[in-house]
1. Any idea how many residues of the stretch 131-181 are β-branched (Val, Ile, Thr) and more than 20 Å from CYS110 (Cα to Cα)?
2. Pick from the stretch 149-162 the residues that are touching a Gly at 6+ places or on another chain (Cβ under 9 Å) and more than 28 Å from ALA337 (Cα to Cα): which of them is surrounded by the fewest Cβ atoms within 10 Å (Cβ to Cβ)?
3. Based on this model, can you work out whether ALA206 counts as in contact with a Ser or Thr (Cβ under 8 Å, 6 or more places away or on another chain) and at pLDDT 95 or above?
4. Identify, from the list SER330, SER348, SER362, the residue that is of a type in the set (Gly, Ala, Ser), over 23 Å from THR224 (Cα atoms) and touching a residue at least 12 places away in the same chain (Cβ under 8 Å).
5. So how many residues does the stretch 199-217 have that are surrounded by 21 or more Cβ atoms within 10 Å (Cβ to Cβ) and either more than 12 Å from GLY240 (Cβ to Cβ) or of a type in the set (Gly, Ala, Ser) (or both)?
6. Go through the stretch 163-181 and give me each residue that's surrounded by 22 or more Cβ atoms within 10 Å (Cβ to Cβ), farther than 19 Å from ALA239 by Cα and modelled with pLDDT of 95 or more.
Amino acid sequence: MSSGFNRRNFLKTIGVAGLGSVLASKAKADSPATSKVEGNEPNAAGQKQQSETPQVPTRKFGKTDTQVSALCLGAIDITEQQVVLHACNKWGVTHWDTAPVYTGGNSETCIGKYFAANPDMRKKVFLATKASGAHDAAGLEEKLQASMKKMNTDYIDVFYGVHGLNDASQLTDELKTWAENAKKKGVIKYFGFTTHGNMAKSCFEASKLGWVDAILTTYNFRLTKDPLMQKAIDACYKAGIAITAMKTQKSVSVQTDEDKKLIEHFSAKGFTEGQAKIKAVFEDERIASVSVGMNSVAIVNQNVAAVLDKTTLAQDDKDALAEYASATCSGYCAGCAHICDAAVAGVSNINDVMRSLMYHNSYGNTQLAKQTFAEIPADVRSRLSTADYRLAEQRCPQHMPIARLVNEAVEKLA
């Protein structure tokens, strides 16, 4: 399919001049792009706002009438970078995801400063945050009030009341009642949870409950081939639960022949392997939005280009990603926490250890890595270096060297 871009040169042009020089001519040649805004419903069906700048597409947020930008700002590394928020607004990336714990609380503070300086933007932004560390209704209420205060808002669009769910039994009747009351008060619009471990089972079980509106889950080019995850995503889609995909990318540095091969394959097509990974998820219409951490305008531009470009992945592109996933699976934790937890006596949270190490090694975010590692219960952390991981390694579908990676995490993050 033709995209309207020069496929060979658009990435190079973006790197030098930003998207403006590439898209300005397209915006003039095409009819002006639109983003949908109505009242306090970010991107809701209704009024259309004309824009000279192409806007990222929007998608329906589950069974609701709300439209959200299909590219979501995963506000992890933002501190004082107001320019990143302005850049997202410019391209219509108005779905913003944050949490109280991100950058030691600075992420929410940064968003609050933005709304204080640009109060009209609150109506346009679909804002998501999380009840990090809360376990009951009182904890949810405390986290919600604190987040609203920091972000200069009196409501949150989607509140993930369980941050890091591993078992659907955590979705208690107490949380359901709290969510219903919070919606009636108008302090939240939608309620959901995030999950990094046991994703397929957690999502599938949530699809049966009837009161979960949204899920932020790990979902990437590797998991598009997982039959259990596909079954879970389909169940949520049919149930009207909005799925936002996170952990869609893992940076590739040229360290192995597999890395080099993947980079060269997509470079020849005119885009990066990171953009290809976004496309692999973005092309799944069951996914409401793709959340990507973006801590610079250059990264915003690059990811916007990936979703604005209309070229779909060809079969050889999909084959390249599948081949890379197979060749590098031993370095990727698929989040099947139940396998490790059952195989290692006295030690749980192994998937959280792997996630912490991923933040450090793949994302280069040492602060988040150490913070995530520190959230593992102290008694578990004290046993990590002495536990026997042989059975877990035998059962690991990814054939990961779990003992070596756990020890690496302890050495780097403890």
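1. Here is the first cut: in the stretch 131-181, the residues β-branched (Val, Ile, Thr) are 153, 156, 158, 162, 172, 177.
Retained after the next criterion (residues that are more than 20 Å from CYS110 (Cα to Cα)): 162, 172, 177.
Total meeting the criteria: 3.
2. Applying the first criterion (touching a Gly at 6+ places or on another chain (Cβ under 9 Å)) to the stretch 149-162 yields 149-155, 158-162.
Of the ones still in play, those that are also more than 28 Å from ALA337 (Cα to Cα) are 149-155.
On the way: LYS149: 12, LYS150: 20, MET151: 26, ASN152: 17, THR153: 19, ASP154: 10, TYR155: 16.
Residue satisfying both the conditions and the ranking: ASP154.
3. Numbers: in contact with a Ser or Thr (Cβ under 8 Å, 6 or more places away or on another chain): no; at pLDDT 95 or above: yes.
Criteria not met by ALA206.
4. On the way: SER330 fails: over 23 Å from THR224 (Cα atoms); SER362 fails: over 23 Å from THR224 (Cα atoms).
Within the list SER330, SER348, SER362, the selection yields SER348.
5. The number of residues fulfilling the criteria is 9.
6. Those that are surrounded by 22 or more Cβ atoms within 10 Å (Cβ to Cβ), farther than 19 Å from ALA239 by Cα and modelled with pLDDT of 95 or more: LEU175, TRP178.
Each row is one residue, and each column tells you yes or no for (1) without any contact (Cβ under 8 Å) to a residue 12 or more places away in the chain; (2) polar (S, T, N, Q); (3) closer than 26 Å to LEU308 by Cα.
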position: ALA70; (1), (2), (3): no, no, yes
position: GLN81; (1), (2), (3): no, yes, yes
position: ASN89; (1), (2), (3): no, yes, yes
position: TYR102; (1), (2), (3): no, no, no
position: ALA138; (1), (2), (3): yes, no, no
position: SER147; (1), (2), (3): no, yes, no
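To keep it simple, each residue is scored yes or no on (1) over 21 Å from the mean Cα position of the chain (by Cα); (2) surrounded by 17 or more Cβ atoms within 10 Å (Cβ to Cβ).
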position: ALA288; (1), (2): no, yes
position: ALA306; (1), (2): no, yes
position: ILE339; (1), (2): yes, yes
position: ALA342; (1), (2): yes, no
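The values are calculated or read from the model by the stated rules, or taken from the named source; none is laboratory data. From a predicted model like this one, the values you see are computed outputs, not experimental measurements. Neighbour counts are summed over all protein chains in view; Cβ atoms, including those assigned to glycine, are modelled from backbone coordinates with ideal geometry.
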